[in-house]
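Notes for the one structure printed next.
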Amino acid sequence: MKVKKVASVLLAASLAVSGLAACSGKDQSKGESSKDGVTTIEFWAAPNPTQQVYWKEVAQQFTKENPKIKVNVSPMKESPTSEASIQSAIAGGSAPTMSENINRGFAAQLAESKALVPLDTLAGWDEVKKERNMENTMKGWQFADSHQYVLPIYSNAMLFGWRIDVLKELGYNEAPKTYSEMLDVAKKLKQKYPDKYVWAKADLADPTAWKRWFDFFMLYDAASNGNKFIEGTKFTGDQKAGEQVLTLMAVLQKNKALLTKQAKDPFENALGIFSDIGPWTIAYWKDKFPKMKYNETYTLSLPPVPDGVDTTNVKTFADTKGLVIYASATKAQQEAAMKFIKWVYSKPENDVKWLEKTSLPPARDDLTTNDSFKAFFDKNPALQPYAAAVPNAIPPMDNAKYNDLQTIIGQQAFNPVVKGEKDPKTAWQDMQKAIEGALK
Amino acid sequence: MRTKEGRLGWLFASPYLLYAVVFFLIPLVWSLFLSATNWNLISPTFSFVGIQNYLEAFKSPGVQAAFFVAFKFMAVFVPLVIALSIIVALIVQGLPRFKGIFLIGFFLPYLASGVVSSLIVKGILSYNSPVNEFLRKAFGLDIDWLGSPFAALFVVALIIAWKFTGYYALILTSGFESINKEVYEAAMIDGVNAWQRFWKITFPLLYPALYTVLILAIGVTFGIFTEVYQLTGGGPNFATNTWQMEIFSRAFTNLQAGYASAIAIIASVVTFISIYVIRKLLELWGKRNGWD
């Protein structure tokens, strides 16, 4: 009887173990990262078909020239976000050797958890920076601990689009550069078209952290000349510039020039005449909105600045993502990954190929001066302003609490001002207090 | 004999027991452990913080909102889905033929992807959609569907009600089928009208099916995620911030797995107590109508 009992317990236990083993997603190939002298590295590409095609082609070419390193490219899962997938993979022990699509804030979170390799500690890093001509760009990418965890692949200096066709109807031949010019446009727009808005975007009233990159930070970087909002664990926001940004939004709101309701393609339908535009939108318009023509229906400009601020070399937010190498990879894999990076970025042709496939400006200092890129930009004039703005683009904060901090900017300052619920001064004070509390 | 029966019982129950151990018990124990740490699952180090995560959660506006939002959803979604599923079941019940085909038709939304239906609704409710253009021009109504607290909550509840109506109607139809037709015949002889027939006979006799549907519907209100994630992100001002949304944003956006586990444990306790209380109330109502 006892034997039977023990047998049943053993049976149940073995079933449980096999069940658990079946559920385990652990990458069994990891243990065989170096077999027959061939080092295999797993590379997760962004869940974007054009980027996957690019990385697959580049990896194939690399393996042809370096048969001792095999690069397996697979798409990064988005279940439900790419960040969540990466976190789960690291927690489950199935993280890749390297991946792209990492923003600076997320990299700061991963770096704080010792999940990333500081790239500057790997042999060959300095050569990569030099050969890719990105030493200046990289200065803004140094993390608070003085290490470099991310190699920025592209840098979208975010620009504002203006409906130039509507502006011309209002008597303007170019995009407003200062707040007073912008408010003048708003006044004339509401007089001529009461149903149109300057900025029609539901995200303005949404506290989701990343949404602040494409409204508050674009305006704030311009108004403050790229002032660091947070340094280490200290709030260093420029109060004057911040309040000027909030005042602009408050005046626009008062003049009924903002629409914060969900609208379908508001800029394309000219419901709003001002919108944050990334280079990816230009490619999207080619396919979906062929009527959107550069300098005919729309124009691109750097963010407007407060009156009295220099309107040349205006700073803006850089929507930029890059490559990281995970600390869970073996030493051999980390070295192989750096070899791959070095190979890719030692040739400008690979960046040209990237640009042609994705329309995302490579994060390098010589984008407007290197002849390799000239032909592309001649063919795509709408992307020229993005290339020109790369040196003025400010990457996002590198604080591990960036999600909380940017949510506070929305909840305490930007969203209530946009909804007319708070005055700019109170909003800034409340935000500063909440941020300082969160940084403690 | 008793021992053999017992063994057979355990054998037949073992697949579910195994499933429960793997997918409920182990994760529960793991969550309890995580909730007492400040671990983010990826850091090589962590420390035990005791009940600190729970204390922080009780003070958090997001968690407080999630607590009330679940009951607000319950107040809107449960009556809505019960009324709609009873109407659908009654309509199907009255059909002379093809009942099965119609029921399958109503059941299909249950299989639809929450992401897709949310995106369609987002398009329909956008400011410049034909629906809103019509409302503005014909009635001067300018509704901020996803930007005002009650409207956003109602829209999400309506999408979920649309999704579950067919499923619950299926359960209620089987409830209708099980009601003895002789009761209706006797009532008709007594001169009972259609209104009285429904409230005095059908509704009380539908108790077992209604009980199931009510408990399932209440369970749904504690697990809403996809629609909220796609449509409102928990806003405006936490008006649609459900438990799942709060757990997700803490665990995967802020990388606070320990804190998110504490919220998950609190959510489980709230869900358990709520369903227990509602179950008891339903049983009381059932007893008053002769169901033991």
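A few comments on the model shown:
- Oblate is the label for segment A:207-246, because a/c, from the alpha-carbon gyration tensor with a ≥ b ≥ c as root eigenvalues, is 1.5 or above and a/b does not exceed b/c.
- Tensor-based shape of chain B (alpha-carbon gyration tensor, a/c under 1.5 rounded, otherwise prolate or oblate): oblate
- Ranking B:265, B:255, B:195 by how far each Cα lies toward the positive end of the dipole of chain B (charges on Cβ) leaves B:195 at the top.
- Rounded Å value of the spacing that divides the Cα centres of segment B:98-162 and segment B:210-269: 21 Å
- Helix A:424-439 axis, angle to chain A major axis (alpha carbon atoms, nearest 10°): 20 degrees
- Stokes-Einstein D for the protein assembly as shown, Kirkwood Rh over Cα pairs, 25 °C, 0.890 mPa s (µm²/s): 84 µm²/s
- The overall shape of segment B:39-180 is oblate: from the C-alpha gyration tensor, with semi-axes ordered a ≥ b ≥ c, the ratio a/c is 1.5 or greater and a/b is no larger than b/c.
- Averaging the sequence gap over all C-alpha pairs within less than 8 Å and six or more residues apart, then dividing by the number of residues, gives chain B a relative contact order of 30 percent.
- Rel. contact order, % - alpha carbon contacts under 8 angstrom, at least six apart, chain A: 26 percent
- Of all the options B:202, B:226, B:240, the one that moves most in a Gaussian network model of chain B with Cα springs shorter than 10 angstrom is B:202.
- Quotient of C-alpha Rg and 2.2 N^0.38 Å, computed over segment A:249-391: 1.33
- Each Cα pair under 8 Å and six or more residues apart adds its separation to the average, and for segment B:198-260 the resulting relative contact order is 21 percent.
- The tail of the calculated P(r) for segment B:206-291, taken as Cα-Cα distances beyond 17 Å, holds 57 percent of the pairs.
- Dipole magnitude of segment B:59-288 about its Cα centre (Cβ charges: Lys, Arg +1; Asp, Glu -1), debye to nearest 20: 200 debye
- Non-local Lys pairs in segment A:51-165, i.e. 8 or more apart or on different chains, that have alpha carbons under 20 Å apart: 6
- Between helix A:179-192 and chain A there is an angle of about 70 degrees, using the helix long axis and the longest principal axis of the Cα atoms.
- Unit charges at the beta carbon, dipole of segment A:182-228: most positive-side option, A:216, A:191, A:226: A:191
- Inter-chain neighbour count for B:16-26: the average number of beta-carbon atoms from partner chains within 10 Å of each residue's beta-carbon is 2.
- Of the trypsin sites (Lys or Arg not before Pro) found in segment A:95-158, those in coil by DSSP whose Cβ has at most 16 other Cβ atoms within 10 Å are A:114.
- Taking the Cα atoms of segment A:249-333, the ratio Rg/Rh between the radius of gyration and the Kirkwood radius comes to 1.13.
- A simple count of charges around residue A:436, restricted to other residues whose Cβ falls under 14 Å of its Cβ and scoring Lys, Arg +1 and Asp, Glu -1, yields +1.
- For chain A, the Cβ-based charge dipole about the Cα centre amounts to some 1220 debye (Lys, Arg positive; Asp, Glu negative; other atoms uncharged).
- Over all other residues within a Cβ to Cβ distance under 10 Å of residue B:260, the charged ones net out to 0, with Lys and Arg as +1 and Asp and Glu as -1.
- Listed by number, the DSSP H helices of chain B that run 18 Å or longer by alpha-carbon position along their axis and have mean Kyte hydropathy of at least 0.0 are B:61-93, B:99-111, B:149-177, B:207-221, B:257-288.
- Shielding by partners for peptide A:111-118, expressed as the average number of C-beta atoms from other protein chains within 10 Å of each residue's C-beta, is 3.
- The angle between the Cα long axis of helix A:279-288 and the main principal axis of chain A comes to about 80°, on a 0 to 90 degree scale.
- Total charge dipole magnitude, segment A:212-324, about the Cα centre, Cβ charges on Lys, Arg, Asp, Glu only, Debye to nearest 20: 320 debye
- Among A:338, A:86, A:115 - extreme Cα towards positive end, dipole of chain A, charges at beta-carbon: A:86
- The Cβ shell under 12 Å around residue A:99 holds other residues with a net charge of -1, Lys and Arg each +1, Asp and Glu each -1.
- Measuring between their Cα centroids, segment A:367-440 and segment A:281-322 lie 14 Å from each other.
Bear in mind that the values in this text are calculations on the coordinates, not laboratory data. Computed from a predicted structure; not experimentally measured. Cβ sites come from the backbone with ideal geometry, for glycine too, and all protein chains shown count toward neighbours.
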